[in-house]
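Enquirer: Sharing a structure below in structure tokens format, with a few things to ask.
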Ligand SMILES: [Zn+2]
């Protein structure tokens, strides 16, 4: 979530219509300034080149803006595990761990699936409450908030009832984050840029998936200054997110 005087960007939803685009999945760290040979395409970030190509929260932090990184569940995003942290520097860093986070990803026993769904939902709830408090109080100018329960539900249970419940819960949590931003005294006069992204789709039966179209297709949604429903989307590929955020913040590299 980000602002420069009157501009902010939030990872989150919005009560205004969002411009939504289908997009093909890109390699996880695919950015226009990263040569193809240096893309990271898996969950192990060992050997990444983030020192040379830092994430957008780090860039904003180094530009002197107050920033927030709030992550639920997946350690490499925020912690020095599996080659992380993917997001290296932030003024405020929050991480909520999921107990036994690795359980029940594929073909799990029913009890393990339920335990996992409950644990990921609890982690998302905790990080949402923490992030909302920080957004309302400290007013960071650039924020990245990660909710993980939808991903777990899709992998562990497929596209059934639990997946839909996780989607609805995430939608409501995004709404709370946006409400926290707008609760600030100057909120109504500020123009926020809000981006919601996902990293992959799912097969109906769950599991990890591979290069199937339904797995490699995801969506992005954005709202903010210059973003109009029905207009050509400003965020159609992953590498377009960071420049949009940084430009809204007035950061170098935006
Ligand atoms: Zn996943």
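The values are calculated or read from the model by the stated rules, or taken from the named source; none is laboratory data. Everything quoted here is computed from the prediction, not taken from an experiment. Here Cβ is always computed from backbone atoms with ideal geometry, including for glycine, and neighbour counts include all displayed protein chains.
Enquirer: For residues that are surrounded by 22 or more Cβ atoms within 10 Å (Cβ to Cβ) and part of a loop (DSSP other than H, G, I, E, B), scanning just the range 144-158, find the one that is nearest to the ligand (Cβ to nearest atom).
Expert: This residue is 148.
Enquirer: Kindly indicate whether any position in the range 159-170 is closer than 24 Å to residue 241 by Cα and touching a strand residue (DSSP E or B) at 6+ places or on another chain (Cβ under 6 Å).
Expert: no
Enquirer: Follow-up question, since we're still on this one. If the requirement is being touching a helix residue (DSSP H, G or I) at 6+ places or on another chain (Cβ under 8 Å), over 20 Å from residue 171 (Cα atoms) and within 16 Å of the ligand (Cβ to nearest atom), which of these qualifies: 141, 113? Break it down into steps so the answer makes sense when it comes.
Expert: Numbers: 141 fails: within 16 Å of the ligand (Cβ to nearest atom).
Matching residue, one of 141, 113: 113.
Enquirer: Give me the helices (runs of 4 or more DSSP H) completely within the range 159-254, filtered to those with at least 2 residues that are away from the ligand (no atom under 16 Å from the Cβ) and under 25 Å from residue 58 (Cα atoms), ordered by residue number.
Expert: 161-182, 241-249
Enquirer: Is it the case that residue 129 is touching a helix residue (DSSP H, G or I) at 6+ places or on another chain (Cβ under 9 Å), in a helix (DSSP H, G or I), modelled with pLDDT of 95 or more and surrounded by fewer than 19 Cβ atoms within 10 Å (Cβ to Cβ)? Working first, answer last.
Expert: Numbers: touching a helix residue (DSSP H, G or I) at 6+ places or on another chain (Cβ under 9 Å): yes; in a helix (DSSP H, G or I): yes; modelled with pLDDT of 95 or more: yes; surrounded by fewer than 19 Cβ atoms within 10 Å (Cβ to Cβ): yes.
Considered against the rule, which asks whether it is touching a helix residue (DSSP H, G or I) at 6+ places or on another chain (Cβ under 9 Å), in a helix (DSSP H, G or I), modelled with pLDDT of 95 or more and surrounded by fewer than 19 Cβ atoms within 10 Å (Cβ to Cβ), residue 129 comes out as yes.
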